[in-house]
Amino acid sequence: PRSPRDAVNAGVALLTEDRKRDGLVMECSIRDNASLAILHRLSRWGVLDRAEQDAQVRAQVRELDVRPPQITRLVRQLSGGNQQKVVLAKWLLTRARVLILDEPTRGVDVGTKVEIYRIINDLAQQGVAILLISSELPEVLGMSDRVLVMREGQIVGEFSRTQATEESVLACAAGVQ
């Protein structure tokens, strides 16, 4: 894809590492943020179908258990974990078939991490391809079917779920394997 819109149209979505800078418009509502990537689907002749927007966002907010669930609330008023869920809601509303998650649990509390892991597992069970990028090795080992190790911009190792251990992945990343 050549542009973000091409990627969305191709079924690819990217949850960025820095949600406040790249994933959210902090002065806008949950509704506006979550529907940002699908406004073209919610509009006809340049007129936004607000009822459909509200219905889709409410359903996703309920599914992801965003708290508080008021879709008119500004995202800057939410906790980091709930902000992350709003970013995830935005990409799930696009019906992406490939989801690239860059540090999806950075800056969220332990309870929200568990919720995000459940969501990722549910998506994988539904056939969504997940590319998880994380600097937290236990997260990578616990969530991945296959682990690729990169060093200096190059893939230097590949491990199946059964082969991937902290020792083997760290040795590969350090270049001592």
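Taking all pairs of distinct Cα atoms, average 1/r, flip it, and tell me the Kirkwood hydrodynamic radius of the chain in Å to one decimal place.
17.3
So what's the net charge close to Ala37: Lys and Arg +1, Asp and Glu -1, counting the other residues with Cβ under 11 Å from its Cβ?
Summing Lys/Arg as +1 and Asp/Glu as -1 gives +4.
Restricting to bridges with both residues inside the chain, how much of the DSSP beta-bridge set is antiparallel, in percent to the nearest 5?
Percent antiparallel among DSSP bridges in the chain is about 50.
Would you please report the Å³ per residue occupied by the convex hull of the alpha carbon atoms in the stretch 1-51?
Here the figure is 102 Å³ per residue.
Compute the relative contact order of the stretch 68-126 as a whole-number percentage, counting only Cα pairs closer than 8 Å that sit 6 or more residues apart in sequence.
35
What residue among Glu158, Glu167, Glu115 shows peak mean-square fluctuation when the chain is described by a Gaussian network model with Cα springs under 10 Å?
Greatest mean-square fluctuation among the candidates belongs to Glu167.
What number comes out for the charge environment of Leu74, summing +1 per Lys or Arg and -1 per Asp or Glu over other residues with Cβ under 12 Å away?
Around Leu74, the surrounding residues sum to +1.
Pick out which of Ser35, Ser43, Ser134 has the largest mean-square fluctuation in a Gaussian network model of the chain, springs linking Cα atoms closer than 10 Å.
Maximum among the listed residues: Ser43.
Would you mind checking the tilt of helix 80-92 against the longest principal axis of the Cα atoms of the chain, expressed as 0 to 90 degrees and rounded to 10?
With rounding to tens, the tilt is 80 degrees.
Quick one: check the C-alpha center-to-center distance for the stretch 43-105 versus the stretch 115-173, whole angstrom.
25
What relative contact order, as a whole-number percentage, does the chain give when Cα pairs under 8 Å and 6 or more residues apart are counted?
Across the chain, relative contact order equals 21 percent.
What is the ratio of the Cα radius of gyration of the stretch 84-177 to 2.2 N^0.38 Å, with N the residue count, to two decimals?
Against the empirical 2.2 N^0.38 Å value, I get 1.14 for the stretch 84-177.
For the chain, set up a Gaussian network in which alpha carbons nearer than 10 Å are linked by springs, and say which option among Arg58, Arg76, Arg146 fluctuates the most.
Its mean-square fluctuation being the largest, the pick is Arg146.
Readers should treat all values here as calculations from the given coordinates under stated rules, not as data from a laboratory. Worth saying up front: this structure is predicted, and the values here are computed from it rather than measured. Here the Cβ is made from the backbone with ideal geometry for all residues, glycine too, and neighbour counts use every protein chain on show.
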